[in-house]
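Enquirer: Sending over a structure as structure tokens; questions will come in a sec.
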Amino acid sequence: MPTEPQRFWRHAAALALSVCLSGAAPAFADTLKIVPLVRDGQVLVSCLLADGYTPDVHDVIQSGLKTTFTYTVELRLKVPVWVDRVVETATVTTTVQFDNLTRRHSISRYLDGRVDGAQVTEDEAVVRSWLTAFDKLPLFKTSRLEANREYYVVVRAAARPNSNVPFWPWGTTVSGQTKFTFIP
């Protein structure tokens, strides 16, 4: 049986943890914006990683290191009173490599390992856009979805290489989710 001081410290630690976690949730919600759209038999997903292109990311890219942002996207079915089911998973990977001699960035985007697009540019705004956002990518087919059921899209974003200073609070991975109801 815990003594009075032990109970006090346990309660204080639980309170401190809950305050930290309640402050962390809004920061994550504002960091990753996800918009699913059902159209033409597909679930189109748009995603924006706000504040993902930090000065540290810029410095790593300018050093010539190949930099990769990986977005793992899961389509999940909401199951009442049970563990939610993963319907499908997709991976969106964007890489950039800066060539110090030509002063150009080579950018590539891959969907599940297949090339979705590539570009060479000198414009840093284009690099920022490619790394931190994608718009209406057809990631999932609606043929696997049940009508009038609640689904949600979960996105986990990670960056490589990791720098000594995290790209965002509490590490180099951030996640977010958005719900939608499938109505055919």
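Enquirer: Being loosely packed, with under 11 Cβ neighbours inside 10 Å, at pLDDT below 95 and either within 17 Å of the chain's Cα centre (by Cα) or of a type in the set (D, E, K, R) (or both) is true for just one of Ala50, Ala16, Ala25, Ala29. Which residue is that? Steps first, please.
Expert: Working: Ala50 fails: loosely packed, with under 11 Cβ neighbours inside 10 Å; Ala16 fails: either within 17 Å of the chain's Cα centre (by Cα) or of a type in the set (D, E, K, R) (or both); Ala29 fails: loosely packed, with under 11 Cβ neighbours inside 10 Å.
Matching residue, one of Ala50, Ala16, Ala25, Ala29: Ala25.
Enquirer: What residue, of Ile61, Ile107, is in a strand (DSSP E or B), of a type in the set (A, V, I, L, M) and touching a Phe, Trp or Tyr at 6+ places or on another chain (Cβ under 9 Å)? Working first, answer last.
Expert: Values: Ile61 fails: in a strand (DSSP E or B).
Among Ile61, Ile107, only Ile107 is in a strand (DSSP E or B), of a type in the set (A, V, I, L, M) and touching a Phe, Trp or Tyr at 6+ places or on another chain (Cβ under 9 Å).
Enquirer: Now a separate question. Say we look at segment 64-87 and pick out the residues that are surrounded by fewer than 19 Cβ atoms within 10 Å (Cβ to Cβ) and of a type in the set (A, V, I, L, M, F, W, C); which of these is nearest to Arg144 (Cα to Cα)?
Expert: For segment 64-87, the residue satisfying everything is Val87.
The values are calculated or read from the model by the stated rules, or taken from the named source; none is laboratory data. All figures in this text were calculated on a predicted structure; none of them were measured in a lab. Glycine gets a Cβ as well: all are built from the backbone with ideal geometry, and neighbour counts include every protein chain shown.
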